[in-house]
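These notes are about the structure you will find just below.
Read-outs: derived from the displayed coordinates by stated rules, not from any lab. Bear in mind the structure is a predicted one, so any value in this text is a computation, not a measurement. Cβ placement follows ideal geometry from the backbone for every residue including glycine, while neighbour counts extend to all protein chains displayed.
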Amino acid sequence: MTPHTPHLPSKTPNMGTTIFTVMSALATEKGAVNLGQGFPDFACDTQLLDVVSDAMREGLNQYPPMTGVAPLREAVSAKIENLYGRRYDPVTEITVTAGATQAILTTILAIVHPGDEVIVLEPCYDSYVPNIELAGGVVVRVPLTPGTFRPDFDKIQAAITLRTRAILINSPHNPSGMIWSREDMLRLQEILDPTEVLLISDEVYEHMVYAPNQHWSAASFEGLAARAFIVSSFGKTYHVTGWKVGTVAAPAVLSAEFRKVHQFNVFTVNTPVQHGLARFMADPAPYLELPAFYQHKRDLFRAGLAQTKFKLLPGEGTYFQCVDISGLDVPEKNLSDAEFCQWLTTDIGVAAIPLSAFYGSGFDQKVIRFCFAKKDETLNLALERLAKL
């Protein structure tokens, strides 16, 4: 008898390879400057490497507590209280995760029952929708306002039903770089107040907000904090995206449900890295100075793009810059944003991401996204090539 592999019906039949993988592979193949995927090409602080190495040499290499090592949870609690004015109990309300993506998946698995509706605001980070579908939830897509990417609260309110379990928001926003204002957060609080809807607040770019703007965390609003899972990322803040360490802050009753899934999902997170991060956080300067660090890169990149026919969209936060490509003269006319990114990578030598990839419908508004979390020389090389446009 010939062995055969049993047929496996896919749980995610519509899920393919992410655009980030596709564009990064094309950038490597063509020798292009990769401004597509969102990661730095520069090193982290050597002191951070030292404190992690110290923890390893001290023998802190076995399983830590499921919720995360106490010094790190205490440091995170103190940071949130200092910045946003709300104290989370480090014992019952702060959990260390294997990155923000795991944090979001675990939150959704913990709270979404089959048939529950979850509101996502498009364009959105590409893990949100598959996470909801894996949990058996129903995705309810509400568009952010095209062009400005501001929340449309009439549409958000209209999308809420008796089946709505949660709404997922992201500020500063990937991919657009838009940030929610204080008034936006208050309006959301007002809408959610009479409901049982939970909030998942993806705040991984919290320390990349540029003057005169500021980050408004859900933690700063009593009515939002009471129903919110707040997701943060050490990888984004400390230039170590490959370490995959994040946190979730949530009220004790919500954290308890989160931890039920977390313990059987990843159980816990890299021990010496947790201890190293806790020690590194004793000095707040690295995250307090991060906005100025990235604002320099944003301004350098925007000044160069201003010399081209790209139309710059506002860059209030994150390390992404979106541009409108509709005014460009290219050899092939009427390219979609995805086709334009292929052409830009292949012919100009700079990789970007089409915004249509962040919409379930593939909505093409002729906007693409660059990542400027790169060395100045990398940005200058990209700008030199983009100057051809």
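Sort Thr18, Thr12, Thr101 so that the residue with the fewest other Cβ atoms within 10 Å of its own Cβ comes first and the one with the most comes last.
Values: Thr18 15, Thr12 10, Thr101 21.
Lowest to highest Cβ neighbour count: Thr12, Thr18, Thr101.
Between His239, Ile348, Leu105, the Cα set farthest toward the positive side of the dipole of the chain (charges on each charged residue's Cβ, about the Cα centre) is that of Ile348.
Between Asp45 and Asn334, the modelled labels are 5.4 nm apart [label points 7 Å from Cα along Cα→Cβ]. Considering only Val269, Leu335, Val139, and ranking their Cα positions along the charge dipole of the chain that arises from unit charges at the beta-carbon of Lys, Arg, Asp and Glu, the one farthest toward the positive end is Leu335. With contacts taken as Cα pairs under 8 Å at a separation of at least 6 residues, the chain carries a relative contact order of 25 percent. Ranking Leu383, Ala292, Pro314 by how far each Cα lies toward the positive end of the dipole of the range 287-389 (charges on Cβ) leaves Ala292 at the top. Cross-link reach is defined here as a Cα-Cα straight distance under 13 Å, omitting same-chain residues fewer than 8 places apart; for Lys79 the aspartates and glutamates meeting it are Asp89, Glu206, Asp283.
In this simple spin-label approximation, Thr5 and Ala78 carry label points 7 Å from Cα along the Cα→Cβ vector, and these lie 5.1 nm apart. Each other residue within a Cβ distance under 12 Å of Lys366 adds +1 if Lys or Arg and -1 if Asp or Glu, for a net charge of -3.
What ranking of Lys236, Lys366, Lys374 emerges when the number of other C-beta atoms within 10 Å of each C-beta is taken as an exposure proxy, fewest first? Each step should come with its number before you reach the end.
On the way: Lys236 26, Lys366 18, Lys374 22.
So the ranking, lowest neighbour count to highest, is Lys366, Lys374, Lys236.
Which aspartates and glutamates have a Cα less than 14 Å from the Cα of Lys366, not counting those fewer than 8 places away in the same chain? Those aspartates and glutamates meeting the cut-off are Asp324, Asp329, Asp337, Glu339.
Over 27 Å between C-alpha atoms is what I'm after, so list which of Lys244/Lys374; Lys333/Lys388; Lys11/Lys155 land there. Don't jump to the answer; show the numbers that get you there.
Values: Lys244/Lys374 19 Å; Lys333/Lys388 17 Å; Lys11/Lys155 30 Å.
Check vs 27 Å cut-off fails for Lys11/Lys155.
Taking label points 7 Å from Cα along the Cα-to-Cβ direction, Asp376 and Gln214 give a separation of 3.0 nm.
So how strong a dipole does the range 25-159 carry about its Cα centre when Lys and Arg Cβ are +1 and Asp and Glu Cβ are -1, to the nearest 20 debye?
Numbers: 9 positive and 17 negative charges, 31 e Å.
Taking the Cα centre of the range 25-159 as origin, the dipole is about 140 debye.
Stretching the chain fully between Met66 and Ala285 yields a gain of 76.0 nm (0.36 nm per residue, less the alpha carbon separation). With 0.36 nm allotted per residue and the present C-alpha distance subtracted, the Glu58-Arg163 stretch has 32.7 nm of extension available.
R0 = 56 Å: FRET efficiency of Lys309 with Asp193, Cβ-based, nearest 0.05? The value I calculate is 0.75. For the chain, the dipole from Cβ point charges (+1 on Lys and Arg, -1 on Asp and Glu) about the Cα centre works out to 300 debye, to the nearest 20.
How many percent of DSSP beta bridges within the chain run antiparallel, rounded to 5?
The antiparallel proportion sits near 45 percent.
Once the C-beta distance of Lys388 and Thr17 is scaled by a Förster radius of 25 Å, the resulting FRET efficiency is 0.30 to the nearest 0.05.
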